[in-house]
Amino acid sequence: MASSLVQSLLNPRKNWFAALHMKTVSSRLRKYGLRYDDLYDPLHDLDIKEALARLPREVVDARNARLKRALDLSMKHEYLPEDMQAVQTPFRYYLQDMLALVRREREEREALGALPLYQRTIP
């Protein structure tokens, strides 16, 4: 019951506030030419690092190029030109499926009592 309530609150088709939030996030991402999945930090979550390592090289290179362009624009206090902003697709996901697979594998390993594939170490 609670899960369905949360899902309905977060669904932009059912909740006007969620739709407004999605529109605002989309607008901000378009200004820099980013996608939503570009915001995930591989240093923060090792599942994300593993998912990025499993993606094809072209996808990771495109992600890095988008991040570099966004940093460059931010440092210059500029945005992408309007015509380029119009063709950006901020909610075209490329990491979600692989991330879900990595998390399922990690949870399965934990359920079976196996050692984790990766651990965070403090240098």
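The values are calculated or read from the model by the stated rules, or taken from the named source; none is laboratory data. Model, not experiment: these values are computed from the prediction. Because the Cβ atoms are built from the backbone with ideal geometry, glycine has one as well, and the counts that use them run over all protein chains shown. Accessible surface areas use protein heavy atoms only, side chains included; no ligands, DNA or RNA. Shrake-Rupley method; radii C 1.70, N 1.55, O 1.52, S 1.80 Å.
If you take all other residues with their beta carbon under 11 Å from the beta carbon of residue 84, and give Lys and Arg +1 and Asp and Glu -1, the sum is +1. From its DSSP helices (H runs of at least four residues, each -39,500 (n - 2.57)), the chain gives a residue-normalised ellipticity at 222 nm of -19500 deg cm²/dmol.
Please identify, among 52, 29, 71, the residue showing maximal mean-square fluctuation in a Gaussian network model of the chain using a 10 angstrom Cα cutoff. In this elastic network of the chain, the residue with the biggest mean-square fluctuation among 52, 29, 71 is 71.
Note on surface exposure: 75, 22, 98 rank 75, 22, 98 by accessible area, highest first, 1.4 Å probe. Excluding same-chain neighbours fewer than eight residues apart, the lysines reachable from residue 68 by a Cα-Cα span under 17 Å are 31, 76.
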